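Structure first, commentary second.
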């Protein structure tokens, strides 16, 4: 199987590199290179450089930041202007939701991670503190959604906030019923599937 996969991966990588260099603007290529550098740095720090309790801060906090930058960086660069306040609030809400997603894995995988000596917020600081932080993040996301809605000028943005509120609600449902969603790792499928919900905007607009 590897003999088949490696040539496919190599060909796909080379094709992607060629098409990127041929069609993408320089600023997008530079941004992609910087993001790739951050990912490599994260891998080095997490797996090689540090073996202390500080690793979990890099792992969960920085994964959320890198993921959010990766999702929003190219659209913002393509837009070519400073985003307005509602857009910035949308990005902040999205960051909260990504962090909630990552921390939920730490919360639900607490016992498995402990057995495997994995450093997460839950294994380092305790499941209870992780639970409190998740509640704080849920509250923060809801408050920012409320603020964004109150200062709303463009009515079309209402659809964006409905989507973000729906994502928050689904993640909250998982967190509210841990015994049910922990079975057969249901939490993972639903928590990751939440980030497909913004695709509904393609039909809503």
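What the table below lists for this structure:
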quantity	calculated
Residue satisfying condition, being over 21 Å from residue 189 (Cα atoms) and in contact with a helix residue (DSSP H, G or I) (Cβ under 9 Å, 6 or more places away or on another chain), within set 151, 100	151
The range 75-90, residues that are surrounded by fewer than 17 Cβ atoms within 10 Å (Cβ to Cβ) and either in contact (Cβ under 8 Å) with a residue 40 or more places away in the chain or closer than 23 Å to residue 190 by Cβ (or both)	77, 78, 85
Close pairs from the range 98-125: first closer than 15 Å to residue 194 by Cβ, partner in a loop (DSSP other than H, G, I, E, B), Cβ under 7 Å, at least 6 apart	108/182
Residue check, residue 40 in a helix (DSSP H, G or I) and modelled with pLDDT under 75	no
Hits in the range 91-139 (condition: at negative phi, surrounded by fewer than 17 Cβ atoms within 10 Å (Cβ to Cβ) and not in a helix (DSSP H, G or I))	116
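The values are calculated or read from the model by the stated rules, or taken from the named source; none is laboratory data. Small disclaimer: the values here were computed from a predicted structure and weren't measured. Positions of Cβ are backbone-derived with ideal geometry, glycine not excepted, and every protein chain shown enters the neighbour counts.
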